[in-house]
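One structure is given here, and the rest of the page talks about it.
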Amino acid sequence: MKEYCSLAEDVSLLFDKAKVEIDDDVLYYLSLEDWKKTLSEITSLPEYEKDRFDCDNYADYIRDYLAVTHKLNGCGKAWGHIPEMHCFCVLLIPGGFICYEPQTQEFKEYPVERVYFG
C-alpha cells in the first residue's frame with residue numbers, strides 16, 4: 001500500500017466552488033484501489049437513527065476510523081444537495097478525489113458544496 005501526501009493549499013484547489021476548510025498542513029491519502037482495500041476492513045457500521053446517528057455521524061465515523069487505525073487524514077467530511085443537503089466523505093486520490101457514501105459503503109458522484117479535512 002503506497003501512501004501519498006499533498007500540501008493543504010494544493011488540495012483546496014481540487015474543489016472548484018466548494019467551501020474548503022483544512023486544519024492540517026499536509027494530507028495523507030491512498031490510491032483508489034488502496035482506499036477500497038482499507039475501507040473493506042470496516043465490516044460493521046452502527047445502525048442509522050435519524051438525528052442521533054445519521055449521515056454526518058457516518059462521515060465522522062469513517063474519518064475517525066481512518067485517522068485512528070491508519071493515520072490517514074485524506075478523508076474529508078463533505079456536504080452537498082442530493083437533492084436535499086446530505087453529508088458524505090471525500091477521499092483524496094492521486095490527482096483528485098472521489099466521493100464515498102459511508103452509509104452504503106459505495107463510491108458515488110456527488111456535488112461537493114463544502115468539505116472539511118482535519
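Read-outs: derived from the displayed coordinates by stated rules, not from any lab. Keep in mind it's a predicted model, so treat the numbers as computed, not measured. Neighbour counts are summed over all protein chains in view; Cβ atoms, including those assigned to glycine, are modelled from backbone coordinates with ideal geometry.
Some points to look at:
- Here is the short version for the chain: C5, C75, C89, C99 have no other Cys C-beta closer than 4.7 Å.
- Only lysine pairs 8 or more places apart or on separate chains count here, and in the chain those with Cα atoms under 29 Å apart total 26.
- Segment 21-118: trypsin sites (Lys or Arg not before Pro) falling in loop per DSSP and having at most 13 other Cβ within 10 Å: K50, R52, K71
- About its Cα centre, the chain has a charge dipole of approximately 180 debye under the convention of +1 per Lys or Arg Cβ and -1 per Asp or Glu Cβ, with nothing else charged.
- Rounded, prolate or oblate (a/c below 1.5 giving rounded, otherwise prolate when a/b exceeds b/c) for segment 1-63 by Cα gyration tensor: oblate
- Between the residues L72, T38, F117, the greatest Cα displacement towards the positive end of the dipole of the chain, with unit charges on the Cβ of Lys, Arg, Asp and Glu, is found for T38.
- Over the chain, DSSP H runs of length four or greater, each weighted -39,500 (n - 2.57), average out per residue to a 222 nm ellipticity of -7000 deg cm²/dmol.
- Panel order for V115, V68, by other beta carbons found within 10 Å of each beta carbon, from fewest to most: V68, V115.
- Loop-located GluC sites (Glu not before Pro) in segment 67-118 whose Cβ has at most 10 other Cβ within 10 Å (DSSP): E84, E109
- Segment 1-47: GluC sites (Glu not before Pro) falling in loop per DSSP and having at most 10 other Cβ within 10 Å: E41, E47
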